[in-house]
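The next block holds one structure in the form of structure tokens; read it before the comments.
The values are calculated or read from the model by the stated rules, or taken from the named source; none is laboratory data. Keep in mind that this is a model prediction, so the values were computed, not measured. Glycine gets a Cβ as well: all are built from the backbone with ideal geometry, and neighbour counts include every protein chain shown. The protein model used for the area step is the full one, side chains on, heavy atoms only, and it has no ligands, DNA or RNA in it. Shrake-Rupley method; radii C 1.70, N 1.55, O 1.52, S 1.80 Å.
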Amino acid sequence: MKTGGLSAALLAMAEGCSRSDQRASNNLAELDAVETATRIRNGELSAVEAVDAAIARARRINPKINAIATKTFKSAHKLAGTTTGPLAGVPTFIKDLDDVIGVASGFGSRAFPGYKGKTQTPLIDAILNTGVVSLGKSTTPEFGLTATTEPVSTGVTRNPWSTDYSTGGSSGGAAALVASGVVPIAHASDGGGSIRIPANCCGNVGLKVSRGRNPPDRPELEISISVHGVQSRTVRDTAAMIAAIELPAEESGLPPVGLVTSPPERRLRIGLFTHGVTGRPVDPVVVEFANAHAKICEDLGHSVEAVELPIAPTVEDDFILYWAANANDAISIWEQATGLKRNRLAFEPLTLGLADFYRSNADKYDGAVARLKQTPAQFETLFDQYDVLLSPVLAQPTVEIGYLDTTLDFDIAMPRLLNYAQFTGLYNITGSPAISLPLSMLDNGLPIGAMFGARTGDEATLLALGYELEEAAPWRARRPPLFG
């Protein structure tokens, strides 16, 4: 951990580019993580005050959004003021797909009552070593398998912009807690869009880093599709956390991101695509906003042109089979541990449907994996022509609660999910970084984001562009009806 140097850099960044609205505010919900840490470091605010205020906000707001799976308020209060690191004292939540020692983990499922983590991964260690103080676990769909957060186990998590709408998934609880101002930053993970989709739905910044940037969840997998990051409301918060937890270059095999603090100096070549690899219809409203986001980039002097993806449409089928294999593995591990057979009292229809799909198509699995491994090289050829790719995050505006309900019949839920999430999974297959930025608002008062992707290892360009767009299409002052 580079905590000493990073702390100094964060302090300089906070002093050099502090937002006047944050400096003037006495409402701690308005502060981002960097500003909160800076005030604590300067003695303007104590960590106990920051944590207790976040607990008060959680008690006030969570009954309306239902984004907390497990509360650890008492231990958070005790821990406040004792942590060290660049974000010491900043309140946060850990997504309920990862164990924290001694804390209940449900994984969004009814199958693990009473389970508490006895160990935690190096990734969770790295996040907590930044000094953040966890207030508990944020909600997630069962095993993080879908693009909404409506698990039977904990109930529906609701969007603070409009509680009739989805928060996205699978980091939906984290996104809702950040968007509503309960905490400024929250742990998230992304195996098919699970950072970027909730960021799009809730109006946050959501960066999926390159494969290898962080320790893999399951190194035994043929393709490590899932990576970790955060939900935040500002680019600098995401930049600060990525800089703090990235692996050294000799371990990741990637150029270091470092602490990105400013817009790009050069103008970028941007390729725009508004259809997924399968060519399924995309809502015209989504296409309209993608073109509007391209225009913002052009007005900043970047060049934008339409691009076709050099990816075979069959990549989606291959990814679905790989995704389904992971669902089957999760259930199989549970069966071995409990001696019970999979059933609808333990698991949701979507999870069981995915597992059944894998078992019916297991003979095709090796071929699917082989083709998926070829996709990154095909995709990387685009970056010989373009610095960045621009697309929608989702193929439809944020859907209402119930549309992706995981208790629906598999034959209903799965086509809806595939039509909705057409864009994000590509970056999990290729291992390239991608970021969702909350550039616009829909007529119904919900946010809609833009997704930018870059060559593997080039998160720095995405963060730099994020800083520039944060000024050009400012979202920092936007607040949902449920906030603070």
Given the conditions (1) open to solvent by 10 Å² or more (accessible area, probe 1.4 Å); (2) touching a helix residue (DSSP H, G or I) at 6+ places or on another chain (Cβ under 6 Å); (3) more than 13 Å from Asn428 (Cα to Cα), and given that Glu246 satisfies all but one, which numbered condition is not satisfied? (2)
Taking region 103-133 as the region of interest, how many residues are farther than 14 Å from Ala69 by Cα, surrounded by fewer than 18 Cβ atoms within 10 Å (Cβ to Cβ) and small (Gly, Ala, Ser)? 1
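Please give the helices (runs of 4 or more DSSP H) falling wholly within region 106-218 in which 1 or more residues are within 24 Å of Leu408 (Cβ to Cβ) and within 13 Å of the chain's Cα centre (by Cα).
Details: elements: 122-128, 172-179, 196-202.
So the answer is 172-179, 196-202.
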Which residues, taken from region 93-119, are out of contact with any helix residue (DSSP H, G or I) (no Cβ under 8 Å at 6 or more places or on another chain) and either among the polar types (S, T, N, Q) or within 26 Å of Ala50 (Cα to Cα) (or both)? Ile101, Gly102, Val103, Ala104, Ser105, Thr119
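Please determine, by comparing only the residues of region 348-378 that are aromatic (Phe, Trp, Tyr) and closer than 17 Å to Ile223 by Cβ, which one is least open to solvent (accessible area, probe 1.4 Å).
Tyr365
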Out of region 431-455, which residues are surrounded by fewer than 24 Cβ atoms within 10 Å (Cβ to Cβ) and in a loop (DSSP other than H, G, I, E, B)? Gly431, Leu442, Asp443, Asn444, Gly445, Leu446, Arg455
Criterion (free of Cβ contacts under 8 Å to residues at least 60 places away in the same chain and either assigned to a helix (DSSP H, G or I) or within 28 Å of the chain's Cα centre (by Cα) (or both)) met by exactly one of Ala346, Ala330, Ala324: Ala324
Quick check: anything in region 292-309 over 21 Å from Arg269 (Cβ atoms) and of a type outside the set (Val, Ile, Thr)? no
Between a first residue in region 242-269 that is of a type in the set (Asp, Glu) and a second residue that is surrounded by 13 or more Cβ atoms within 10 Å (Cβ to Cβ), which pairs have beta carbons less than 6 Å apart while being 6 or more apart in sequence or on different chains? Glu246/Arg213; Glu246/Val257
